[in-house]
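Working notes for the structure below.
The values are calculated or read from the model by the stated rules, or taken from the named source; none is laboratory data. Computed from a prediction, not measured in an experiment: that's the story for all the values here. Please note: Cβ atoms are built from the backbone with ideal geometry, for glycine as well, and neighbour counts cover all protein chains shown.
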Amino acid sequence: MSEHTFRVCIVHLDEGKAEIVSFGDRNRLIGGSGLAAALFEKYGLPLEPWSHPDQPLIFAIGCLTGYFPLMSKVVAGFKSPYHDQYAESHAGGRLALSMRFAGFEAIVLRGRARVPVAVHVGSRAIEIKDANYLWGANVFTTGRVIRRAFSGSSGHRSILRIGPAGETLSAYACINVDTFRHFGRLGSGSVMGVKNVKALVVSGDSDMELPGPDPKAYAKLFQKVHQDMTATEMMSKYHNLGTPGNVIPLNELSSLPIRNLQQTRDPDAVGISGEKFAEDLLIRNAACAGCPVGCIHVGMLREQFQDEHRFQIRQVSYDHELIFAVGAMLGVMNASHALALMDEVEKQGVDVMSAGVALAWATEALQKGVISLEETEYPLAFGDHKNYLEALWCLGHGKNEFYRTLAQGAMVAAKKYGGEDFACVLGQEMAGYASGETFFANQSMSFRHSHLDTGSYGYDQKKHDKDAAKAVAFFVEDERERVLLTSLVSCLFARGVYKKGLLAECLVSVGLPDLAASMDKAADEMQRLRWRMRMATGYEPEKTTVPKRFMEVETWAGKMDQAYLDDVRSRYAVAIRDLGRPVEPGKG
Ligand code: SF4
């Protein structure tokens, strides 16, 4: 292996074998988002469906992973069951450090195992074990059994697993990572499921040498970065109330999606505010490995047994997106009830935002007579968390034809049953910000259809001049900056600290001065490579839509402006086409 290539473990599930290959150039691909896209370019089958056994499921870290605080995320690259195009999803937990200590910068799962299996990747051994007995088990049971089955590997060990939704091939099944983190959006759980992989265990069981030409200089820089991370307001912002602190400000700005986006403000939102969760339910903070911030808020769920005399206490993580999706969007304005729904979402292994928004659509569709009890089986009603608990089980297990269709996405169900106007889908089910046209245009077309692709929801919250050209320039530039971070692979909460100058110092300290000098060029290339992969798998930005419901929203800034939204979207389509343009022969 050259010091400038990535070390990649490729597991051939059908043959029960693995190989270790040297891949790419760090100075060009950076890692994470860039490395995953390059691996998809090599191993992916753009024209075959997502469920083809030879489609790769890629997990990639970056060249700063494990060497600096909050360089703690992993990028998953795969062809998505949601839209059958190339997609990315990001997760924290212990996985990034486990991969670094196992000695692999990427793990690629190829082929399909004959029977359900658990895969173990470590520095000394790679094993594939029969896990047939776990098929059908929920995420928690699977975690408990897998921890015992691979008990020998301690230290940096990470456990990825899927629930029933990944087995029934929901378009938004997630991969649970170390209980509290997820590859949430766009269905990576079903990519694992279709490969017959119930769990992946990564053991970081080797040593890691101090990087770079001057270990003392590296150690000094590490201390400085660590201090910066803990001294800034980022620490208190994300550690204390955390993202649940957004609920009240968004409600006050009339930007909180409530009851399938029929409202954006409701005084009852105080019942699911970050403050309410902190006062009544918060028991501890948790953190991804190597992170001093600890933004993961864990609440206490008191669960009563059927005989009504005994209780068990469960620990459930929450943040703004979860509160929005199974709280506000479903009209469940009671923190304990919302937490119970989050717990069920975890068990089934579905993406919480897609599941919550899909059930919100189903509730309004039932109210309007578009569907009936014959489909939903339970009388779904905003605020009634008990029926939503049952519906989540049905969604995860694909109980009947209606739930199997809803598990392919709210818009898929709306196209079949009716009610497309009020399906809150922007490329995928919306995120928790009804901030205005700029965000709606961005999420409906952006690379991951994620609220984290750019800071567009923040853009809407500032007074701006509705200049569509300026908004699109912001999308492209902000995405490029984020692609650099998600290639390295940093937690995006650290973007205020990891400015370019500091990133260059970090890269020099780990022995990558050439990349430090060409960061912008490399980020630009990786941004384009990602879009090329999306286009090669069939993306047509002009065909995306923004349903009517979004135009009915009223925020602090007033009614939505259709002409501005259309202008932003048509200009953004042109910009995306430019980013995804195929490379001319000889110029790649
Ligand atoms: S800030 Fe939160 S999400 Fe980011 S690395 Fe730390 S614990 Fe993980």
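Taken as a whole, the structure leaves LEU322 outside the set of residues that are surrounded by 24 or more Cβ atoms within 10 Å (Cβ to Cβ), in the same structural domain as TYR403 (by TED's automatic domain parsing), closer than 26 Å to ALA171 by Cα and away from the ligand (no atom under 16 Å from the Cβ).
Given the condition within 20 Å of LEU109 (Cβ to Cβ) and in contact with a His (Cβ under 9 Å, 6 or more places away or on another chain), answer yes or no: does some residue in region 130-146 qualify? The answer is no, given that none of the residues of region 130-146 is within 20 Å of LEU109 (Cβ to Cβ) and in contact with a His (Cβ under 9 Å, 6 or more places away or on another chain).
Would region 540-550 turn up any residue that is at pLDDT below 95, touching a Ser or Thr at 6+ places or on another chain (Cβ under 9 Å) and part of a loop (DSSP other than H, G, I, E, B)? There is no residue in region 540-550 that is at pLDDT below 95, touching a Ser or Thr at 6+ places or on another chain (Cβ under 9 Å) and part of a loop (DSSP other than H, G, I, E, B).
What number of residues within region 6-65 satisfy the criterion of being farther than 17 Å from THR486 by Cα and in a strand (DSSP E or B)? Number satisfying all stated conditions: 14. The conditions of being modelled with pLDDT under 95, under 30 Å from TRP50 (Cα atoms) and either surrounded by fewer than 16 Cβ atoms within 10 Å (Cβ to Cβ) or touching an Asp or Glu at 6+ places or on another chain (Cβ under 7 Å) (or both) are not met by GLY558. Of everything in region 233-261 that's of a type in the set (A, V, I, L, M, F, W, C), within 16 Å of the ligand (Cβ to nearest atom) and crowded, with 19+ Cβ neighbours inside 10 Å, which residue is nearest to MET411 (Cα to Cα)? Among those residues, the one meeting the criterion is LEU241.
The test for being buried (at least 23 other Cβ atoms within 10 Å of the Cβ) and modelled with pLDDT of 95 or more holds for LYS73. Of all the listed residues (THR230, THR264), the sole one being within 12 Å of the ligand (Cβ to nearest atom) and either in contact (Cβ under 8 Å) with a residue 24 or more places away in the chain or assigned by TED's automatic domain parsing to the domain that holds VAL489 (or both) is THR230. Listed by position, the strands (runs of 3 or more DSSP E) enclosed by region 115-191 that each have at least 3 residues that are touching a Lys or Arg at 6+ places or on another chain (Cβ under 9 Å) are 117-122, 156-161, 175-177.
Restricting LYS470, LYS466, LYS386 to those that are out of contact with any helix residue (DSSP H, G or I) (no Cβ under 9 Å at 6 or more places or on another chain) and either in a helix (DSSP H, G or I) or over 19 Å from TYR82 (Cα atoms) (or both) reduces the list to LYS470. Residues of region 267-319 that are at pLDDT 95 or above, charged (D, E, K, R) and more than 16 Å from the ligand (Cβ to nearest atom): ASP268, GLU275, LYS276, GLU279, ASP280. Which ones in region 469-493 are within 16 Å of the ligand (Cβ to nearest atom) and of a type in the set (A, V, I, L, M)? Within region 469-493, LEU485, LEU488, VAL489, LEU492 meet the criteria. The set of residues in region 276-312 that are surrounded by fewer than 19 Cβ atoms within 10 Å (Cβ to Cβ) and outside any strand (DSSP E or B) comprises ALA278, GLU279, ASP280, ALA287, PRO292, GLY294, PHE305, GLN306, ASP307, GLU308, HIS309, ARG310.
Exactly one residue among SER89, SER72 is in contact with a Lys or Arg (Cβ under 6 Å, 6 or more places away or on another chain) and either of a type in the set (Val, Ile, Thr) or within 23 Å of ASP520 (Cα to Cα) (or both), and that residue is SER89. Comparison of GLY511, GLY496 shows that the only residue that is under 30 Å from TYR218 (Cα atoms), within 16 Å of the ligand (Cβ to nearest atom) and not in a helix (DSSP H, G or I) is GLY496. For region 242-285, the set of residues classified as more than 22 Å from ALA381 (Cβ to Cβ) and touching a Cys at 6+ places or on another chain (Cβ under 7 Å) consists of GLY242 only.
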